[in-house]
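Asks: Have a look at this one before I ask anything.
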């Protein structure tokens, strides 16, 4: 089946990003296609490459980046939700005249249209709410 | 049309559960995950939702140390979660 994933919660504030990660892994292991993973609302925090959790704790950020690379997942971060929470790529950082950028390269910034399209194109949209 | 409902909030969120109860239909399936697995501690869960098979995500149950031996709730792995998503025609995620 063609599945899409919606992540609405940030690591540490909710389990959404971790549950979505485990679900996505299980779906891929079962031979399903992941059409898109969309990070929205506080879920965009999972797309930063700056968090440095203690080494003896599970690193949700790194796990998403690794999973994206391994399966070449289409991981999309909502640009408006990300900008207002300080999750920016180089282009957005320059546009807002800010001193740094932190969007991990495994994620691309785009609009809510990508979520609507994922919902229309997929057999199921699985929401991991916060 | 059989529907899979997922619930990730604890019983403290009464309004959410009321909404779920008013929506879920016989033949549907309920999957408890994250703090939703705390519903396994309530005996009244099965009285309120009849003809609904209830699953609880195994890893989340174990992470919270919840005993489910005496309940009608079945344990589900993430693979089972994926299968339930595909087996049911519709999916509603309550959060």
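Asks: Give the number of residues within the range A:1-33 that are in a strand (DSSP E or B), in contact with a helix residue (DSSP H, G or I) (Cβ under 6 Å, 6 or more places away or on another chain) and more than 8 Å from chain B (Cβ to nearest Cβ).
Replies: 4
Asks: Identify all residues within the range A:42-54 that are in contact with a helix residue (DSSP H, G or I) (Cβ under 6 Å, 6 or more places away or on another chain) and either within 12 Å of chain B (Cβ to nearest Cβ) or within 18 Å of residue A:79 (Cβ to Cβ) (or both); write none if there are none.
Replies: Selection gives A:44, A:46.
Asks: For the range A:110-124, give me each residue that is surrounded by 18 or more Cβ atoms within 10 Å (Cβ to Cβ) and part of a loop (DSSP other than H, G, I, E, B).
Replies: A:122, the sole residue that qualifies.
Asks: Moving on to the next point. Could you tell me how many of the residues in the range B:45-58 are crowded, with 19+ Cβ neighbours inside 10 Å and either assigned to a strand (DSSP E or B) or within 14 Å of chain A (Cβ to nearest Cβ) (or both)?
Replies: So the answer is 4.
Asks: So which residues in the range A:99-109 are loosely packed, with under 11 Cβ neighbours inside 10 Å and under 12 Å from residue A:50 (Cα atoms)?
Replies: Matches in the range A:99-109: A:100 only.
Asks: Tell me, please, whether a residue that is away from chain B (no Cβ under 14 Å) and buried (at least 18 other Cβ atoms within 10 Å of the Cβ) can be found in the range A:88-95.
Replies: Among the residues of the range A:88-95, at least one is away from chain B (no Cβ under 14 Å) and buried (at least 18 other Cβ atoms within 10 Å of the Cβ), which makes the answer yes.
Quick grid of which residues meet (1) away from chain B (no Cβ under 14 Å); (2) buried (at least 18 other Cβ atoms within 10 Å of the Cβ):
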| position | (1), (2) |
| --- | --- |
| A:35 | no, yes |
| A:40 | no, yes |
| A:77 | yes, yes |
| A:97 | yes, no |
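Asks: Here is a further query. With B:66, B:52, B:24 as the choices, which residue is touching a strand residue (DSSP E or B) at 6+ places or on another chain (Cβ under 9 Å), farther than 18 Å from residue B:4 by Cβ and in contact (Cβ under 8 Å) with a residue 24 or more places away in the chain?
Replies: Selected residue: B:66, the only one of B:66, B:52, B:24 that is touching a strand residue (DSSP E or B) at 6+ places or on another chain (Cβ under 9 Å), farther than 18 Å from residue B:4 by Cβ and in contact (Cβ under 8 Å) with a residue 24 or more places away in the chain.
Asks: If I filter the range B:69-84 down to residues being at pLDDT below 95 and either over 20 Å from residue B:49 (Cα atoms) or touching a helix residue (DSSP H, G or I) at 6+ places or on another chain (Cβ under 7 Å) (or both), which single residue comes out as nearest to the other protein chains (Cβ to nearest Cβ)?
Replies: By that ranking, first place goes to B:73.
Asks: Quick one: would you say residue A:128 is within 28 Å of residue B:81 (Cα to Cα), in contact with a strand residue (DSSP E or B) (Cβ under 6 Å, 6 or more places away or on another chain) and within 14 Å of chain B (Cβ to nearest Cβ)?
Replies: Numbers: within 28 Å of residue B:81 (Cα to Cα): yes; in contact with a strand residue (DSSP E or B) (Cβ under 6 Å, 6 or more places away or on another chain): yes; within 14 Å of chain B (Cβ to nearest Cβ): yes.
Considered against the rule, which asks whether it is within 28 Å of residue B:81 (Cα to Cα), in contact with a strand residue (DSSP E or B) (Cβ under 6 Å, 6 or more places away or on another chain) and within 14 Å of chain B (Cβ to nearest Cβ), residue A:128 comes out as yes.
The values are calculated or read from the model by the stated rules, or taken from the named source; none is laboratory data. The model shown is predicted, which means the values in this text are computed figures rather than measured ones. Positions of Cβ are backbone-derived with ideal geometry, glycine not excepted, and every protein chain shown enters the neighbour counts.
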